[in-house]
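Novice: Below: one structure in structure tokens.
No value in this document is a laboratory result; all are computed from the given coordinates. These numbers were taken from a predicted model, which means no experiment stands behind them. Don't worry about glycine lacking a Cβ; one is built from the backbone with ideal geometry, like all the others, and counts go over all protein chains shown.
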Amino acid sequence: MNVRYQVSAPPRAHTDATVFFLPENEPIRSAQITSILEHFPSIEAALASSDASGKIGSSAVTYVAERSRTRKIVVVGVGDTATLTAERFRRAASSGVRMLSGTARQCSLVLPLWSPLPAEATAAAIVEGAVLGSYRFTRYKTSNAHTALEQIVVIGSERSAAIRTAVEQAAIVCEGVYLARDLANMPANDLYPESLAEYAKQAGAEAGFRVQVLDKRKISQLKMGGLLAVNQGSTRPPVFIIMEWRGGKAGQPPVVLVGKGVTFDTGGISIKPAERMGEMKMDMHGAATVIGTLYAVAKLQLPINVVGLVPATENMPSGSAYRPGDVITFMNGKTAEIDNTDAEGRLILADALTYADRYKPQAVVDIATLTGACVIALGHVTSGLMGTDRSLLDRIKRAADATSEYVCELPLHDEYLEQIKSDVADVKNSGGRPAGAITAALFLKHFIGSYPWAHLDIAGTGMAPKDGAYTPKGGTGVGVRLFVEMLRTW
Ligand code: MN
Ligand code: ZN
């Protein structure tokens, strides 16, 4: 998607469509209508209709005949300016571009001067909503009547480097989200550990971060027993992907992001039911988020050192698969009894959390489609947040507020440890149904180093069961915007 900022009168932006924002409160609403009519006097009837109320969710669509095209004009409501937020602009911009319903190649969106937010924040929110809302996963469609949006132009009246930069940076963050969505949506016959590593290398080459891929031999040498155990049933070898962005001072300890990369999760011997098992192609969404984040961070040239770690494998049942009752030994020497082979994500993350310690990081955040229990608790709206360090958890909450990628903290009380005690090993990999998101995190806590640590469970938020405000059905790219915001304000 080509995205840019342009200073001009709205009609002079030569696009197939133009989107205006309209508040519901007077006198701002009337003033905005007057200004739209100055540019497009022929649409007076449409703006006099109740469709142009300015209420949240309202929209008016009309057309203007021009010499070379018929331009679509969309007016979307954003509600009362007194309570206006970036999120309302994201949603309105998305519904604005969706009104074009596959008929426009270029769309301009007019930056409202009456926005109570700083102009840069308004512009960034509009770009995010418009770009993210028009995402489509079409890689496997051989015929497609849909006209894809190719260009988004934010129209302003002020020559401002700050607004231009805000637009460009928001577009880069959206590229990271697109990358994460594409990877999450790709089917497991094409997206498996080694191909995931290739996509990470491609992203690194394009954005300018370093990518190193450890193969099975190296993983065995490192004694990553969790990753190897989960991989046992698969004919595809595991990989351990290491991504490094050195934007900060030499010697500055990095922030390490760890993403679960189970490219397909059948559950293994503790096999899942057939219904909706196909969704488990997205069990590498944490990995997709980390790759998308590194891509955006490098393209934004953020002045901070960031390392991304992705342990990747399939979880398959077969004659060689690991079994319930097995005891496995991890990279840090600890042992776990396997109670359920479908609780595999924590096993591969355990080794990655151990590996992270060699960077002496200032913080480690892992992100994973980890537990069905988290989906039951928080649905598809809010990610589960857990961790050991108050200031790190607060950073993540602030980034969540700024991006509306909601998180909710769950408690890691020691009392829950009882559920994952093993008779034969240091710990058991499943604590049963009660507090399943929490016992998963407490399992991970056994493997962290001396660094501040937080864990995001995106089992619900990684996969949209239906179209959302600016998140089409499928892989959501959740966490990219949150992580970039966290790192940008570090
Ligand atoms: Mn599983
Ligand atoms: Zn899984």
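Novice: Using the scaling law 2.2 N^0.38 Å as the reference, what is the normalised Cα Rg of the chain? Write out the running numbers ahead of the final one.
Specialist: Values: Rg = 23.9 Å, N = 490, 2.2 N^0.38 = 23.2 Å.
Compared with the compact-globule rule of thumb, the chain sits at 1.03.
Novice: Please find the FRET efficiency linking residue 69 to residue 279, where r is the Cβ-Cβ separation and R0 is fixed at 60 Å, and quote it to the nearest 0.05.
Specialist: Plugging the Cβ-Cβ distance into 1/(1 + (r/R0)^6) gives 0.90.
Novice: Report, in cubic angstrom per residue, the convex hull volume of the C-alpha atoms of segment 368-432.
Specialist: Looking at segment 368-432, the number lands at 102 Å³ per residue.
Novice: Be a star and scan segment 13-32 for residues whose amide nitrogen sits under 12 Å from the point 7 Å along the Cα-to-Cβ vector of residue 80.
Specialist: Answer for segment 13-32: 24-26.
Novice: Something else about it: Arrange the peptides 349-355, 190-196 so that the one whose residues have, on average, the most other Cβ atoms within 10 Å appears first. Show your work: numbers first, answer last.
Specialist: Values: 349-355: 26.9, 190-196: 20.4.
Final packing ranking: 349-355, 190-196.
Novice: What's the magnitude of the charge dipole for segment 2-159 around its Cα centre, counting Lys and Arg as +1 and Asp and Glu as -1 at the beta-carbon? Answer in Debye, nearest 20.
Specialist: Roughly 680 debye, rounded to the nearest 20.
Novice: With r as the distance between the Cβ atoms of residue 391 and residue 327 and R0 = 35 Å, compute the FRET efficiency 1/(1 + (r/R0)^6) and round to 0.05.
Specialist: 0.45
Novice: While we're looking at this one, here's another question. Please report, in Å, the Rg and the Dmax of segment 350-490, where both are computed over Cα atoms only.
Specialist: 15.2, 49
Novice: By how many nm would the segment from residue 423 to residue 220 lengthen if fully extended, with 0.36 nm per residue of separation less the alpha-carbon distance?
Specialist: Here the answer is 70.4 nm.
Novice: Taking neighbour counts of Cβ atoms within 10 Å as a proxy for exposure, in what order, fewest first, do 284, 331 appear?
Specialist: Neighbour counts put them in this order, fewest first: 331, 284.
Novice: Next question, about the same structure. For residue 413 paired with residue 49, estimate the spin-label separation in nm (one decimal), with each label point 7 Å from Cα along the Cα-to-Cβ line.
Specialist: Going by the 7 Å Cα→Cβ label model, 5.7 nm.
Novice: Show me, for segment 110-119, the HN-Hα J-couplings you get by feeding each phi into the Karplus relation (A = 6.51, B = -1.76, C = 1.60, θ = phi - 60°), rounded to Hz, glycine and proline as x.
Specialist: With the stated coefficients, segment 110-119 comes to 8, 5, x, 6, 8, 4, x, 7, x, 4 Hz.
Novice: Would you mind putting 368-380, 241-253 in packing order, based on average other-beta-carbon counts within 10 Å, highest first? Don't skip to the end; give the middle numbers.
Specialist: Values: 368-380: 22.1, 241-253: 16.6.
Output ranking for 368-380, 241-253: 368-380, 241-253.
Novice: Give me the net charge for the shell around residue 147: Cβ to Cβ below 10 angstrom, other residues only, Lys and Arg +1, Asp and Glu -1.
Specialist: Taking every other residue near residue 147 into account, the sum is -1.
Novice: Hey, another quick one. Using only the Cα atoms of segment 2-159, what semi-axes does the equivalent ellipsoid have when each is the square root of 5 times a gyration tensor eigenvalue? Give whole Å, largest first.
Specialist: Three semi-axes, in Å: 23, 18, 15.
Novice: If packing is taken as the average number of other Cβ atoms within 10 Å across a peptide's residues, how do 464-477, 207-220 rank, most packed first?
Specialist: For the peptides 464-477, 207-220, the packing ranking is 464-477, 207-220.
Novice: In Å and on Cα atoms, what radius of gyration and Dmax does segment 286-356 show?
Specialist: Rg, Dmax (Cα atoms, Å): 15.8, 49.
Novice: Only Lys, Arg, Asp and Glu count, each charged at its Cβ (+1, +1, -1, -1), so figure out the dipole size of the chain about its Cα centre, rounded to 20 debye.
Specialist: Taking the Cα centre of the chain as origin, the dipole is about 1040 debye.
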